[in-house]
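Notes for the one structure printed next.
The values are calculated or read from the model by the stated rules, or taken from the named source; none is laboratory data. None of the values given here were measured: they were computed from a predicted structure. Reconstructed Cβ throughout: ideal geometry from the backbone, glycine too, with neighbour counts over all protein chains shown. Side chains are part of the model used for accessible areas, which takes the heavy atoms of the whole protein and leaves out ligands, DNA and RNA. Shrake-Rupley method; radii C 1.70, N 1.55, O 1.52, S 1.80 Å.
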Amino acid sequence: MKLIFERGGSGRTMQYLPEGDTPKAVLPAHLLRQQPARLPEVTEIEVGRHYAELAKQVFGVVSGFYPLGSCTMKYNPRINERVASLPGFAAIHPLQKDAEGCRGVLELAEKLLCEITGMDAMTFQPSAGAHGELLGLMLIKKYHEQNGALHRKKIIIPDAAHGTNPASASMADFDVINVPSDENGCMDMDAFEKVLGADVAGLMLTNPNTLGLFDPNVLAITEKVHACGGLCYYDGANLNAIMGHVRPGDMGFDVVHLNLHKTFSTPHGGGGPGSGPVGCKEFLKDYMPGSALMGNHPDRSVGQVRAFHGNFGVVVRALTYILTLGADGIREASQTAVLNANYLMHKIKEDFPVAYDHPCMHEFVLTLEQLKAENGVSAMDVAKGLIDHGMHPPTMYFPLIVHEALMVEPTETESREALDEAAKAFHAVRLQADNDPESLHNAPVSTPIGRPDDVAAARDPILRYTFPE
Ligand SMILES: *Cc1c(COP(=O)(O)O)cnc(C)c1O
């Protein structure tokens, strides 16, 4: 495919505007370009075709099945986009004073998300999940600081955790204490109890965890952390399995972050704006950066972590999503997400074994360790092979505790027929792995680009166009 720089030619334009009649801004000479920037020069049809061509190469939720575990790639209803692009929302200036409508959106979204999570206050400042984690840990740190307990440096994190958890904890200057999982894929209680003590600042937990399993010991876990003076942080990036059924606040958690760009329906995956609101219990409220509802506490707040109220458009989408579904719809969405995951798991586990074979929540993890040993076909090969069946691959090699892992999250927005089709694709790839394993090393063969060198792409990215001289 041609790049935009390779289309068009010198002097081509799609300019309709008359010459400006206002004086040109006068910049100091040393700030001026010596030569005009080398920008693409294209006509309107050329730029139109360029983007149409790009759009054809993109795979999104509307192109096909997209079971990217841990990412919750559900269909995002178009009405959310419609509402977020209303001029009163999209064209608001953050310093505008008469913004009662936008304020109302923030207040209602805060109220409803507090209701869903069992928290007492919420801020929309954090730009994404990991940013929310950092803020949540800053609240925990502030709490210990205010209680003269700065010696509490340990944050307990299970080994199945999302990688951002230990990263955020060390960024917040805590020491990460890793706890292994037991044979059921949940927190190993003996190992957990051994690390409890007066130096524990808190715990970070995802429940259901990244294996898609709900830890039945969660109440005992949060109770024990509290008993030794620590606080409990809930990673609520994926609330898709529990919203409307169980609340982190009722499971004993003091702080939680959500990913509005996963559970609450904002398109993501292309690096677009996200939102990782942080909620907390009443006793931590004063440390929060502030919100539309609670303002902020000038002496005790940890301070702003982002300008104004974060990515406001994402909050508008989330609120639209919650209001259009209603309380019953929210509950049904998570029920269906769990049902779909279990249905698909049962259909494909004959072909690819499940790492921890228990009823799952919104996602499940396969292990291809044996397949790799026997046929030389890796999780990567199977993921790439699935692309040739018209679907996006599942998440690969995560969580780290499962060898040759594929993590599948179908979401609630898929029909039974779509799940049956997906199961057929998995089955076809399994047959291919048995009958012609070599061929899978070259998959995908049906896409514009075959198998890129992902290590080189990460280490040595070419991000800048070089003009042929
Ligand atoms: C996605 C995810 C995160 C990180 O969220 P970002 O918005 O990507 O920063 C954290 N925890 C879990 C469990 C996740 O799935």
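The single residue among 368, 339, 323 that is surrounded by 23 or more Cβ atoms within 10 Å (Cβ to Cβ) and modelled with pLDDT of 95 or more turns out to be 368.
Answer yes or no as to whether residue 73 is surrounded by 20 or more Cβ atoms within 10 Å (Cβ to Cβ), within 16 Å of the ligand (Cβ to nearest atom) and part of a helix (DSSP H, G or I). Can you show your working first?
Details: surrounded by 20 or more Cβ atoms within 10 Å (Cβ to Cβ): yes; within 16 Å of the ligand (Cβ to nearest atom): yes; part of a helix (DSSP H, G or I): no.
Spelling it out, it is not the case that residue 73 is surrounded by 20 or more Cβ atoms within 10 Å (Cβ to Cβ), within 16 Å of the ligand (Cβ to nearest atom) and part of a helix (DSSP H, G or I).
Of all the listed residues (140, 157, 79), the sole one being modelled with pLDDT of 95 or more and within 15 Å of the ligand (Cβ to nearest atom) is 157.
Within the stretch 173-191, the set of residues being open to solvent by 10 Å² or more (accessible area, probe 1.4 Å) and touching a helix residue (DSSP H, G or I) at 6+ places or on another chain (Cβ under 6 Å) comprises 176, 177, 180. Evaluating residue 131 against the criteria (1) within 16 Å of the ligand (Cβ to nearest atom); (2) over 30 Å from residue 4 (Cα atoms); (3) open to solvent by less than 20 Å² (accessible area, probe 1.4 Å); (4) of a type outside the set (Ser, Thr, Tyr) leaves one unmet condition, (3).
Table: residues versus (1) open to solvent by 40 Å² or more (accessible area, probe 1.4 Å); (2) away from the ligand (no atom under 12 Å from the Cβ); (3) part of a helix (DSSP H, G or I).
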position: 222; (1), (2), (3): no, yes, yes
position: 232; (1), (2), (3): no, yes, no
position: 241; (1), (2), (3): no, no, no
position: 260; (1), (2), (3): no, no, no
position: 263; (1), (2), (3): no, no, no
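The single condition among (1) out of contact with any Phe, Trp or Tyr (no Cβ under 9 Å at 6 or more places or on another chain); (2) open to solvent by 10 Å² or more (accessible area, probe 1.4 Å) that residue 200 does not satisfy is (2).
This table checks each residue for (1) open to solvent by 70 Å² or more (accessible area, probe 1.4 Å); (2) within 16 Å of the ligand (Cβ to nearest atom); (3) out of contact with any Gly (no Cβ under 6 Å at 6 or more places or on another chain).
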site	(1), (2), (3)
271	yes, yes, yes
279	no, yes, yes
282	yes, no, yes
285	no, no, yes
288	no, no, yes
296	yes, no, no
300	yes, no, yes
304	yes, no, yes
309	no, no, yes
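In this structure, is residue 250 touching a Gly at 6+ places or on another chain (Cβ under 7 Å), in the same structural domain as residue 300 (by TED's automatic domain parsing) and away from the ligand (no atom under 16 Å from the Cβ)? Against the criterion (touching a Gly at 6+ places or on another chain (Cβ under 7 Å), in the same structural domain as residue 300 (by TED's automatic domain parsing) and away from the ligand (no atom under 16 Å from the Cβ)), residue 250 qualifies.
Let's see how each residue does on (1) within 23 Å of the chain's Cα centre (by Cα); (2) among the acidic types (Asp, Glu):
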residue: 57; (1), (2): yes, no
residue: 65; (1), (2): yes, no
residue: 70; (1), (2): yes, no
residue: 74; (1), (2): yes, no
residue: 81; (1), (2): yes, yes
residue: 91; (1), (2): no, no
residue: 107; (1), (2): no, yes
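Close Cβ contacts (under 9 Å, 6 or more residues apart or on different chains) running from residues in the stretch 276-298 that are assigned by TED's automatic domain parsing to the domain that holds residue 255 and under 20 Å from residue 103 (Cβ atoms) to residues that are basic (Lys, Arg) and at pLDDT 85 or above comprise 289/306; 292/103; 293/111; 294/285; 297/285.
One residue stands out in the stretch 423-449 among those that are part of a helix (DSSP H, G or I) and hydrophobic (A, V, I, L, M, F, W, C): the one that is most open to solvent (accessible area, probe 1.4 Å), namely 431. Residue 293 passes every criterion in (1) of a type in the set (A, V, I, L, M); (2) touching a Leu at 6+ places or on another chain (Cβ under 6 Å); (3) modelled with pLDDT under 95 apart from (2).
If the condition is being open to solvent by 30 Å² or more (accessible area, probe 1.4 Å), free of Cβ contacts under 8 Å to residues at least 24 places away in the same chain and more than 17 Å from the chain's Cα centre (by Cα), then the stretch 377-422 contributes 380, 415, 417. For first residues located in the stretch 125-136 and among the hydrophobic types (A, V, I, L, M, F, W, C), partners that are within 7 Å of the ligand (Cβ to nearest atom) and assigned to a helix (DSSP H, G or I) and lie 6+ apart or on another chain with Cβ distances below 6 Å form the pairs 130/164. Being among the hydrophobic types (A, V, I, L, M, F, W, C) and under 22 Å from residue 239 (Cα atoms) holds for only one residue in 316, 305, and it is 316.
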